[in-house]
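Report on the following structure.
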Amino acid sequence: MTETPFAGRTAVITGAAAGIGAALATELAARGMSLVLADIDEVGVRRRAAQLQANGVPALGVGVDVSDPDSVAALAEAAYAKFGSVELLCNNAGVLLFGSVAESSLGDWRWLSSVNVEGTLNCLHAFLPRMRQASGWRYVMNTSSTHAFLPDTANSALYSATKHAVLAITLGLRGELAADGIGVTLLCPGQAATRILDSQRNRPQTFGRRAREPFGTGPIPLAIEPEAVAYAAAEGIRRESPLVFALPDETRAGFRSQIEQMWRLADDALGDRTETRVGAGD
Ligand SMILES: NC(=O)c1ccc[n+]([C@@H]2O[C@H](COP(=O)([O-])OP(=O)(O)OC[C@H]3O[C@@H](n4cnc5c(N)ncnc54)[C@H](O)[C@@H]3O)[C@@H](O)[C@H]2O)c1
């Protein structure tokens, strides 16, 4: 493990115009990285990049829709044209919708999964071929959520499903990339003070009408600052941790007991041999 893998290297961060992505940009800039900031909010991300440049940080702001493979391919071209190499890929862009399974529209699902799941895959497909051919320190961080570990997903099932997918993709990727010497971390924030409840500000009309927002579009209650998530993420990358949780201290015990509840469900089912005995007797 390198002690300081960041200085002098280049990171690409999606969803970098706001929230955790913007905080991650500031954190990685402070650790000496050059940055490619990408977001569907092109004006916002160019402004962020300009602010970093004004502070002497080599930075590029690029408008991208991660759900569109052509747009992501153009992002990769712009990143390599500007900096020549990419050592760290942070698949952070994501959107959130609450609502019941029964009442959610197919458009809701398609929007969530096109950004959260296909967006992650599109970026991996666009960047990995060149990252694999390179040598030295290289890294991928994918952002899932504590929602990928919750036993009760009432009101958040579709969002949670996309974050379960990111979890599975990342675990698979970690195995696949080990031979290339590329590290992989899964970042799971919980309740960070960002505009995530107002995700539909970026929902394209092609995915149908905006869904109702049962919890409003305001700030998340009892949340940690995105800067704290960014610090935990950077430390996770530096230590090459497979999994990083970043959540408010007050919610830590409750989250742990929810994970235990999940394990109890599995444990109880594994202990219950009724089904296999019935099957064996048929
Ligand atoms: N805030 C939380 O409590 C929390 C908890 C768990 C996980 N997360 C995850 O953290 C990540 C960052 O979210 P955040 O909380 O900073 O939210 P945010 O809404 O503040 O920032 C998300 C950014 O992604 C961008 N984006 C949306 N759609 C895009 C697209 N199609 N292409 C490119 N960029 C797009 C937005 O413009 C925005 O700048 C997401 O993956 C989210 O699911 C957040």
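The values are calculated or read from the model by the stated rules, or taken from the named source; none is laboratory data. Just so it is clear, the structure is predicted and the values come from calculations on it, not from any experiment. Every residue, glycine as well, gets a Cβ built from its backbone with ideal geometry; the counts of neighbours run over all protein chains shown. To get the accessible areas, we keep the full protein, side chains included, count just its heavy atoms, and leave off ligands, DNA and RNA. Shrake-Rupley method; radii C 1.70, N 1.55, O 1.52, S 1.80 Å.
May I ask you to compute the full-extension gain from Glu225 to Val43, defined as 0.36 nm times their residue separation minus their alpha-carbon distance, rounded to one decimal in nm?
63.2 nm
Tell me the relative contact order for the chain as a rounded percent, counting alpha carbon contacts under 8 Å between residues six or more apart.
The normalised contact order for the chain reaches 19 percent.
I'd like the distance separating the alpha-carbon centroids of region 56-90 and region 14-40, in whole Å.
12
Rounded to the nearest whole Å³, what is the per residue volume of the convex hull around the Cα atoms of region 1-109?
Spread over its residues, the Cα hull of region 1-109 gives 123 Å³ apiece.
What spacing in nm lies between the two simple spin-label points modelled at Glu176 and Val101, each 7 Å away from Cα in the Cβ direction?
Placing both labels 7 Å beyond Cα along the Cβ direction yields 2.8 nm.
Given the options Ala165, Ala228, Ala54, which has the most mean-square fluctuation in a GNM of the chain, springs set between C-alpha atoms less than 10 angstrom apart?
For the chain, modelled as a Gaussian network with Cα springs under 10 Å, the answer is Ala54.
How long are the three semi-axes of the equivalent ellipsoid of region 118-271, in whole Å, if each is the root of 5 times an eigenvalue of the C-alpha gyration tensor, listed from largest down?
27, 22, 17
Sorted by accessible area with a 1.4 angstrom probe, largest first, how do Phe215, Phe245 fall? Could you put the intermediate results ahead of the total?
Working: Phe215 120, Phe245 60 Å².
Order by accessible area, largest first: Phe215, Phe245.
How much accessible surface area, in Å² rounded to 10, belongs to the heavy atoms of Asp272 with a 1.4 Å probe?
That residue has around 90 Å² of solvent-accessible surface.
Span-like helices, the chain: DSSP H, alpha-carbon axial extent 15 Å or more, mean Kyte-Doolittle 0.5 or greater, which ones?
Long hydrophobic helices here: 19-30, 157-178.
Report the net charge of residues surrounding Val36, where surrounding means a beta-carbon distance below 14 angstrom and charges are Lys +1, Arg +1, Asp -1, Glu -1.
+1
Taking every Cα atom in region 69-113, find the radius of gyration and the maximum pairwise distance Dmax, and write them in Å.
16.2, 48
Enter the per residue convex hull volume of region 16-56, computed from alpha-carbon coordinates, in Å³ rounded to the nearest integer. Don't skip to the answer; put the middle values down first.
Numbers: hull volume 2.1 nm³, N = 41.
Value for region 16-56: 51 Å³ per residue.
Only Cα pairs under 8 Å and at least 6 apart count here; give the relative contact order of region 121-215 as a rounded whole percent.
Relative contact order of region 121-215: 32 percent.
Can you list the trypsin sites (Lys or Arg not before Pro) in region 201-261 that are in a DSSP coil and have 16 or fewer other beta carbons within 10 angstrom?
Those satisfying the criteria are Arg209, Arg210, Arg212.
With N denoting the number of residues in region 77-203, provide Rg(C-alpha) divided by 2.2 N^0.38 Å, to two decimal places.
1.14
On the protein heavy atoms, probe 1.4 angstrom, tell me the percent of accessible surface of the chain carried by carbon and sulfur.
C and S fraction of accessible area: 53 percent.
Hey, what's the per residue convex hull volume over the C-alpha atoms of region 10-247, in cubic angstrom?
Dividing the Cα hull volume of region 10-247 by its residues yields 114 Å³.
Which whole-angstrom value gives the distance between the alpha carbon centres of region 109-171 and region 180-244?
12
So how do His164, His147 rank on accessible area, 1.4 Å probe, biggest first, that is with the largest at the start?
His164, His147
Starting from the Cα gyration tensor of region 147-189, multiply each eigenvalue by 5, take the square root, and state the resulting semi-axes largest first in whole Å.
Taking √(5λ) for each eigenvalue gives 26, 8, 6 Å, largest first.
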